[in-house]
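K.L.:
Before I ask anything, let me first share the structure, which is written out below as structure tokens.
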Amino acid sequence: MAEPSAIPLPFAITLSAATSRSNHTGAWRTERPVYVDLLPPCVNACPAGENVQRWLYHAEERDHEAAWRELMRDNPFPAIMGRVCYHPCQTACNRASLDEAVGINAVERFLGDEALRQGWTVTPPESASGYRVLIVGAGPAGLSAAYHLRLLGHDVVVRDASPQAGGMMRYGIPTYRLPRDILDLELARLLDLGIVLELGRRVDDLPTEMADGGFDAAFLGIGAQLARRAYLPAGDSARILDALGVLRTVADGGAPLLGRRVVVYGGGNTAMDVARTARRLGSTDTLVIYRRTREKMPAADVEVEEALAEGVRIRWLSTIAYAGDGAVVVERMRLDEAGRPEPTGEFEQLPADSVVLAIGQDIDQSILSDVDGISVVDGLVQVGPDFMTGRAGVFAGGDVATNDRTVTSAVGQGKRAARQIDAWLRGQVMAAQQPRRLATADRLNPWYYSDAPAAVRPQLDAARRASTFDEVVQGLDETTAVYEARRCLSCGNCFECDNCYGMCPDNAVIKLGPGQRYTIDLNYCKGCGICAAECPCGAIDMVPEET
Amino acid sequence: MAVQRVKFYQTGSFAVGNRLLDPAMRSVQSDATRTNAITSGHRACRGCGEALGARYVLDAAMRATGGKLVTVNATGCLEVFSTPYPESAWQVAWLHSLFGNAPAVAAGVAAALRAKGRTDIRVIGQAGDGGTVDIGFGCLSGLFERDDDVLFVCYDNQGYMNTGVQRSGATPPAARTTTTPVEEQAPGNRFGQGKFVPFIAMAHEIPYVATATIADLRDLEAKVERAMQLRGARYLHVLVPCPLGWGTDASETIRIARLATECGLFPVFEAERGEVTDVNPIRHRVPVEEYLRRQVRYRHLFEPTRRDDLIARIQARADANILRFGLLDEKES
């Protein structure tokens, strides 16, 4: 209880203003609000480890350059990623439980394209570390590792056997998904950082090349370049090709002879890519044969849907029993109790001018055969959590070390490996990251978000798609991209909506100013929990007071 | 609608603030320099809706009048918890007399200011539902019919809460209070009693009558601003849930107010000279049960035996409001 004011009060005034502040109501509290920063599901799901929510935050404010720079901290290829990534972030997005997931991939593409239009670049550090790193393979894993190592101050040399850089981004992904001018621009920007690229330079003897070049470490990002061949009973005149070869021929400007009726054998993204490519090469009847069900198909949903829209037919629960002249014999399958396909003995003959196998890829082990310490198990180079192979100083990542087989995963592996290589070179051990709690949908108070259905990216007309290699999915304009970014809920991280500040009955939330968020005045907070309950994004926990 | 609704910008105008909006379009409460008419240290219960409502209204009025404001307060929770001698939580000119005479005192202050030629200084009278609909009602009706230049604000928590949760004329049917206990033949407050003062105020054909809740801050602030643009008798009725008297979790105060409007039991509208001029449509309609079952004062509707008959009667009241005010009508934007 405060003493009556010592200062004489004016006539008829009995109480001084704000004298209640001597009554510290914080003593009533049994719980206190605590601001938290949780792991957004998009960030959790991103194979490249992008801080998606953070770059969307900048895009919401129309600060596209800041958004792009945040993105570039983790991924050197936003424009490529905005086209080829299968966006697991959107599958994880909490907004899907409200209306539709945020079109993260579309915004990423907008930012990537905007950077190319504006010519934004990143600058490597001026001080050099003095270490040299050899990167084998100029695909997404190798280039990502090169980028991050360069930004960490190391000398980087990239060697690749192909005449052009990009790996599967160039020789695997069709141009209707990734136009080559975009690929070339993002690669050029990366190489401008001072990365030495040596093409047509196959590395056959890694230890010798490392010793000759004075390299302190090496990263193997050679991918999985060999098309897997399955034993397929076939007649002499059957035309059987592999998907990688077809895609590579097309990428080199050739036109493989597939015929009118093309059968693709397999159910992954490569199968979809080659089937859609076949349509564009003039195949009128393109059939994908896959031994399990649609649900079990490894191909991304968007790829399957786009393929179907372009007139590709898919036959699930089927295998090819025999490939003959102008026809294949297909056996129907069924799933046993364990969900494995088993033959039924029912056969059917289908016309086929060619059969394209898309049943997986293996790594080329010839480079590894003479290197002590590097072991290959189940077709993958074995690495530790630090991405180091059994041989000190030799690291590996991407398709060569995992079965993820996506560009995004490879980029993420390249990044993480680069940071491990950096730590190893400097004789440090990277501290294990503290696991962050996931920002789950049940923490949200969705009332406060405006109703806003997702923006749809325009697509090339399906009829036109089947005949050209023009890019299928178009970009968003600036207004739509900003709209889409603003659909982000900022799950688990304060975005300064002022609800806590405005809704505290005790004025116990102190606003610290733009970008500084808030703090709780524990002298007065009674612990009612309104701030936590009305926080749209679930960024406040109520924590019991110690008694 | 009184408030300029912002359609998108992540949270639009639903949240208190919005960093993406032009500062001029942000709420008074998001402003770090707001008056804080009632400040920290007051003794309202945890999660008090009335403390929040009073700050929302007076901070908005202070901005609208450039700080030239006198507040007259009736006896009630708001007065008791804000001014236990020798403390005061007020940071505005504030005057208390008796329980029943706040409208008359406010009218007197307005008359005195007019006599002194200071009509630039505006007057707000405020009370809880007890001081408004019951004890102060004669004085309030007089203020209305004389068209005195006062905005009178009722913070309606539907009972006499600081004296121990007794029934008032604003207590809704079936609600349990200490004077309307739950017994075999009497399940809480009777149906068919009580009054809705906004209708009575409209019957006086005063310049402005509006209802609002603490769950829609932007709407409430816009209505205070509109009221302060007008002269004469004006009335604002604000629903302020009471965790103590309603038996709700302290953290749910805002949510309860939101559910009261989203189920249709508390219509939010504006009227000028006796005619309804605007209503706030329901955004996500919920059955009354969503609102009722979070409150201990309605627990007897759900246990030990579920009283579907009473829930249906309450739902009928909500449906009648929805029909009467067109709360589900599509509005042209």
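K.L.:
Are any of the residues in region A:366-377 within 24 Å of A:Thr270 (Cα to Cα) and among the charged types (D, E, K, R)?
P.N.:
no
K.L.:
Within the bounds of region A:441-451, is there any residue that is modelled with pLDDT under 90 and under 22 Å from the mean Cα position of the chain (by Cα)? Before you say what the answer is, go through the steps one by one.
P.N.:
Residues of region A:441-451 that are modelled with pLDDT under 90, as a first pass: A:450-451.
Subset that is under 22 Å from the mean Cα position of the chain (by Cα): none.
Scanning region A:441-451 turns up no residue that is modelled with pLDDT under 90 and under 22 Å from the mean Cα position of the chain (by Cα).
K.L.:
Looking only at region A:445-489, count how many residues are within 14 Å of chain B (Cβ to nearest Cβ) and of a type in the set (S, T, N, Q). Working first, answer last.
P.N.:
To start, the set of residues in region A:445-489 that are within 14 Å of chain B (Cβ to nearest Cβ) comprises A:445-455, A:479-489.
From the residues that got through so far, the ones that are of a type in the set (S, T, N, Q) too are A:445, A:450, A:479-480.
Matching residues across region A:445-489 total 4.
K.L.:
Also, quick follow-up: Which residue, of A:Val84, A:Val36, is away from chain B (no Cβ under 14 Å) and closer than 19 Å to A:Gly492 by Cβ? Explain how you work it out, then say what you get.
P.N.:
Values: A:Val84 fails: closer than 19 Å to A:Gly492 by Cβ.
Among A:Val84, A:Val36, only A:Val36 is away from chain B (no Cβ under 14 Å) and closer than 19 Å to A:Gly492 by Cβ.
K.L.:
Hey, among the residues in region A:495-524 that are in contact with a Leu (Cβ under 7 Å, 6 or more places away or on another chain) and not in a helix (DSSP H, G or I), which one's farthest from the other protein chains (Cβ to nearest Cβ)?
P.N.:
In this case the residue turns out to be A:Thr519.
K.L.:
Can you find a residue in region A:88-105 that is among the small types (Gly, Ala, Ser), farther than 13 Å from A:Val407 by Cβ and free of Cβ contacts under 8 Å to residues at least 24 places away in the same chain? Walk me through it before giving the result.
P.N.:
First, pick out the residues of region A:88-105 that are among the small types (Gly, Ala, Ser): A:92, A:96-97, A:101, A:103.
Cutting the leftovers down to farther than 13 Å from A:Val407 by Cβ gives us A:92, A:96-97, A:101, A:103.
Now restrict to residues that are free of Cβ contacts under 8 Å to residues at least 24 places away in the same chain: A:96.
Looking through region A:88-105, at least one residue is among the small types (Gly, Ala, Ser), farther than 13 Å from A:Val407 by Cβ and free of Cβ contacts under 8 Å to residues at least 24 places away in the same chain.
K.L.:
What's the number of the only condition in (1) touching a residue at least 60 places away in the same chain (Cβ under 8 Å); (2) closer than 22 Å to A:Ala17 by Cβ; (3) of a type in the set (D, E, K, R); (4) surrounded by fewer than 18 Cβ atoms within 10 Å (Cβ to Cβ) that B:Asp120 fails to meet?
P.N.:
Here B:Asp120 clears every test but (1).
K.L.:
Looking at A:Gly527, A:Gly492, which is the one that is within 11 Å of another protein chain (Cβ to nearest Cβ) and of a type in the set (Gly, Ala, Ser)? I'd like the intermediate steps shown before the answer.
P.N.:
Numbers: A:Gly492 fails: within 11 Å of another protein chain (Cβ to nearest Cβ).
Among A:Gly527, A:Gly492, only A:Gly527 is within 11 Å of another protein chain (Cβ to nearest Cβ) and of a type in the set (Gly, Ala, Ser).
K.L.:
What is the one condition in (1) touching an Asp or Glu at 6+ places or on another chain (Cβ under 6 Å); (2) part of a helix (DSSP H, G or I) that A:Leu185 does not satisfy?
P.N.:
Failing condition for A:Leu185: (1).
K.L.:
Got a number for residues in region B:38-67 being more than 10 Å from every other protein chain (Cβ to nearest Cβ) and among the small types (Gly, Ala, Ser)?
P.N.:
Total satisfying the criteria: 5.
K.L.:
Within region B:212-252, take every residue that is closer than 27 Å to B:Thr180 by Cβ and among the charged types (D, E, K, R) and give me the one that is farthest from the chain's Cα centre (by Cα).
P.N.:
Among residues in region B:212-252 that are closer than 27 Å to B:Thr180 by Cβ and among the charged types (D, E, K, R), the one farthest from the chain's Cα centre (by Cα) is B:Asp249.
K.L.:
Go through region A:142-182 residue by residue and tally those that are closer than 22 Å to A:Gly49 by Cβ and not basic (Lys, Arg).
P.N.:
Of the residues in region A:142-182, the ones closer than 22 Å to A:Gly49 by Cβ are A:142-154, A:156, A:158, A:166-169, A:173, A:178.
Add one more test, that the residue is not basic (Lys, Arg), and what stays is A:142-149, A:151-154, A:156, A:158, A:166-169, A:173, A:178.
Residues that pass the stated criteria total 20.
K.L.:
Based on this model, can you work out whether A:Arg279 counts as more than 19 Å from A:Ile173 (Cβ to Cβ) and assigned by TED's automatic domain parsing to the domain that holds A:Gly254? Working first, answer last.
P.N.:
Values: more than 19 Å from A:Ile173 (Cβ to Cβ): no; assigned by TED's automatic domain parsing to the domain that holds A:Gly254: yes.
When the stated conditions are applied, A:Arg279 does not pass them.
K.L.:
Among (1) within 19 Å of the chain's Cα centre (by Cα); (2) among the aromatic types (Phe, Trp, Tyr); (3) modelled with pLDDT under 95, where does B:Phe8 come up short?
P.N.:
(1)
K.L.:
Which ones in region B:10-37 are more than 7 Å from chain A (Cβ to nearest Cβ) and within 30 Å of B:Gln158 (Cβ to Cβ)?
P.N.:
At the first step, the residues of region B:10-37 found to be more than 7 Å from chain A (Cβ to nearest Cβ) are B:13, B:21-26, B:28, B:31, B:33-35, B:37.
Passing the criteria: B:Ser13, B:Val28, B:Arg34, B:Thr35, B:Ala37.
K.L.:
Further, regarding this structure: Just to verify a result, which residue in region A:530-542, among those that are surrounded by 18 or more Cβ atoms within 10 Å (Cβ to Cβ) and more than 8 Å from every other protein chain (Cβ to nearest Cβ), is farthest from A:Thr25 (Cα to Cα)? Write out each step before concluding.
P.N.:
If we filter region A:530-542 for residues that are surrounded by 18 or more Cβ atoms within 10 Å (Cβ to Cβ), which is where we start, we get A:530-540.
Then keep just the ones that are more than 8 Å from every other protein chain (Cβ to nearest Cβ); that gives A:531, A:535, A:537-540.
Values: A:Cys531: 17, A:Cys535: 22, A:Cys537: 27, A:Gly538: 25, A:Ala539: 24, A:Ile540: 20 Å.
The qualifying residue farthest from A:Thr25 (Cα to Cα) is A:Cys537.
K.L.:
Return the residues of region B:79-97 that are closer than 19 Å to B:Cys45 by Cβ, touching a residue at least 12 places away in the same chain (Cβ under 8 Å) and within 12 Å of another protein chain (Cβ to nearest Cβ); say none if nothing qualifies.
P.N.:
B:Glu79, B:Phe81, B:Ser82, B:Thr83, B:Pro84, B:Glu87, B:Ala89, B:Trp90
K.L.:
Here is a follow-up. Scan region A:39-50 and tell me whether some residue there is without any contact (Cβ under 8 Å) to a residue 24 or more places away in the chain and either within 14 Å of chain B (Cβ to nearest Cβ) or farther than 24 Å from A:Val473 by Cα (or both).
P.N.:
The initial filter retains those residues of region A:39-50 that are without any contact (Cβ under 8 Å) to a residue 24 or more places away in the chain, namely none.
No, there is no match, as no residue in region A:39-50 is without any contact (Cβ under 8 Å) to a residue 24 or more places away in the chain and either within 14 Å of chain B (Cβ to nearest Cβ) or farther than 24 Å from A:Val473 by Cα (or both).
K.L.:
At positive phi and either surrounded by fewer than 18 Cβ atoms within 10 Å (Cβ to Cβ) or not in a loop (DSSP other than H, G, I, E, B) (or both): is that true of B:Gly192 in this structure? Can you show your working first?
P.N.:
Numbers: at positive phi: yes; either surrounded by fewer than 18 Cβ atoms within 10 Å (Cβ to Cβ) or not in a loop (DSSP other than H, G, I, E, B) (or both): yes.
So B:Gly192 fits the description; yes.
K.L.:
Please return the ranges of strands (runs of 3 or more DSSP E) entirely within region A:322-441 where 1 or more residues are touching an Asp or Glu at 6+ places or on another chain (Cβ under 7 Å) and farther than 30 Å from A:Arg132 by Cβ.
P.N.:
Working: elements: A:327-335, A:341-351, A:354-357, A:394-396.
Correct list: A:327-335, A:341-351, A:354-357.
K.L.:
A:Tyr86 fails exactly one of the following numbered conditions: (1) outside the structural domain of A:Pro163 (by TED's automatic domain parsing); (2) hydroxyl-bearing (Ser, Thr, Tyr); (3) over 15 Å from the mean Cα position of the chain (by Cα). What is the number of that condition?
P.N.:
Evaluating A:Tyr86 over (1) outside the structural domain of A:Pro163 (by TED's automatic domain parsing); (2) hydroxyl-bearing (Ser, Thr, Tyr); (3) over 15 Å from the mean Cα position of the chain (by Cα) leaves (3) as the failure.
The values are calculated or read from the model by the stated rules, or taken from the named source; none is laboratory data. Since this is a predicted model, take the numbers as computed values, not measurements. In this analysis, Cβ positions are derived from the backbone assuming ideal geometry, glycine residues included, and neighbour counts consider all displayed protein chains.
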